[in-house]
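The values are calculated or read from the model by the stated rules, or taken from the named source; none is laboratory data. Treat the numbers as computed from the prediction; the structure is a model and nothing was measured. In this analysis, Cβ positions are derived from the backbone assuming ideal geometry, glycine residues included, and neighbour counts consider all displayed protein chains. Note: accessible area is taken over every heavy atom of the protein model, side chains too, but ligands, DNA and RNA are not part of it. Shrake-Rupley method; radii C 1.70, N 1.55, O 1.52, S 1.80 Å.
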Amino acid sequence: MFLSGAICVAAVSLELATLLLLVSKGVWRSYRLFFVYATWLFLANSAILVTFLYLPADSHTVNWASRVYPALYWNIDSIDVVLRFVVVWEVFHQIFPKSSGLNKSLSKGLAIVAFALLVVACGTFLIYQNYTGPRSIHLALDRSFGLVQALMILGTMLMARYYGVRCGRNVRGIALAFGGWVSISTATNAMADLAGPFLPYWYYLRPLSFVVMIAVWIWALWVYEPNPPIMESEPVELGQWTEDWNRTISATRTIIRP
Amino acid sequence: MDRGLESDNLSYTDHHTAMINLIFFTILGLALFGSFIFIALQGSPKSLPDSSAVQAVTEIIALEGSSFANARRLLDDTDYQALCSNPDLRRLAQRLRNDRKQLALTWISSLQNDLIRLWRFRRFLIQRGVPSSMSEELRTLQALSLSLVLLSFIRLSIRAAGPFALPRATRQAGQLVDSMSTGAALVLGRIPAAGWAEIERSWVKSAA
């Protein structure tokens, strides 16, 4: 009980610190969607903390007050599952800005992949038939979409690495901490449903990893270091080059296959 | 976040689908977590490709492996057989075989380098905003990996069984570079010669 409360207080304090950092340095203007998400986290977790302190859940007594905390916690968690896509979008948008050629080339394909991943998330959520109550449903929802979000972040990072797009400290920190937390959250909450003895650890491991994520965000945002712009070339009049290249290719073909 | 959340009576099911589902999530979640840790430990990627990629800019038209003219002759065993038919010349035949083997291995290495160079160059162009599509990118990657695997297999076969064991397959290795070159050509064709010079200049400047 004490440790849970301490983790909750630490999380809210760090979220407040993140918001102050974003506002005081004016960084929020560059990361608006992330700022929206950080604000949501602060408000939601403050509400959870207040309820935890004043209307704590009690499994021995059955009255309205004891039901408020679990209901609030799981409902906030479910809204959070959806809002997390805001961070995914922010990371993608920062690494591949809309004006960049990479975005123009790959956005259609990536949109199809993202849609397919969402279908998979919905599928895995619906397939899991063993919901015994709200808690189980929320856990399944959380891990189904958490997995997809982790895959999206990882895919974006790998794509950036593949094309040599450099990530600044801010986006890199946000993406890696978020991806790490979402994936560990997915694994731990599956383990909580899978193995009963793991349940006590789950109560601490998930919020603790969340606190670590916020701490990494603060570290990442401490210095304003956005992504360096991607140098672009001007794709105009392609004729001459195509002609030269085709000549070279046909020469190569003739040499290899005389 | 405390035990009060455990308001539902959880029945730890032994239902197969649910178990598989949960094991899948556990393993994948941990694997993803490991990947993020790995990326974090690796540090930030370089903003620009390495010097070998810079070389590609100047060498792209003169690919070393592809420009080798005598592949057919190199892998043709007529001379070797002729020498072998004469008992006095068998030692010479053996030396010829060894020389051909070294040349063939060098040639395959050059082809592999050509493929990698073309692939790096393509990545560079796409990063610089040359239009492409996801399917095109995946096809290139598939062609590259298959080609490299096949070339490695041919190298192994030459090492193990000599240069005349798989002449046809070895000769056809050159076609792999062709297909990669065609892929690169599609992308390169979208840039004007003037734009290309600008790319090369800025690349060399950044690498300096």
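See the values below:
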{"item": "Within the range A:81-98, backbone nitrogen closer than 19 Å to the virtual label 7 Å beyond the Cα of residue A:161 toward Cβ", "result": "A:88, A:91-96"}
{"item": "Charge context of residue A:125, other residues only, Cβ under 12 angstrom, K/R +1, D/E -1", "result": "0"}
{"item": "Cβ-Cβ FRET estimate between residue B:146 and residue B:16, R0 fixed at 41 Å, reported to 0.05", "result": "0.65"}
{"item": "Total formal charge among the other residues, if their Cβ is under 14 angstrom from that of residue A:151, Lys/Arg +1 and Asp/Glu -1", "result": "+2"}
{"item": "Solvent-accessible surface ranking, highest first, for A:31, A:204 at 1.4 angstrom", "result": "A:204, A:31"}
{"item": "Ranked order, A:89, A:202 - accessible area, probe 1.4 Å, largest first", "result": "A:89, A:202"}
{"item": "Computed E for residue A:89/residue B:156 - FRET, C-beta separation, R0 60 angstrom, nearest 0.05", "result": "0.80"}
{"item": "Residue-count net charge about residue B:101 - beta-carbon cut-off 12 Å; Lys, Arg +1, Asp, Glu -1", "result": "+3"}
{"item": "For residue A:74, solvent-accessible area (1.4 Å; no DNA, RNA or ligand), Å²", "result": "10"}
{"item": "Contour excess over end-to-end distance, with Cα ends at residue A:25 and residue A:46 and 0.36 nm allotted per residue", "result": "5.2 nm"}
{"item": "Heavy-atom accessible surface that A and B bury in contact, both chains counted, 1.4 Å, Å² to 100", "result": "7200"}
{"item": "Calculated FRET efficiency for the pair residue A:2/residue A:212, C-beta based, R₀ 22 Å, to 0.05", "result": "0.65"}
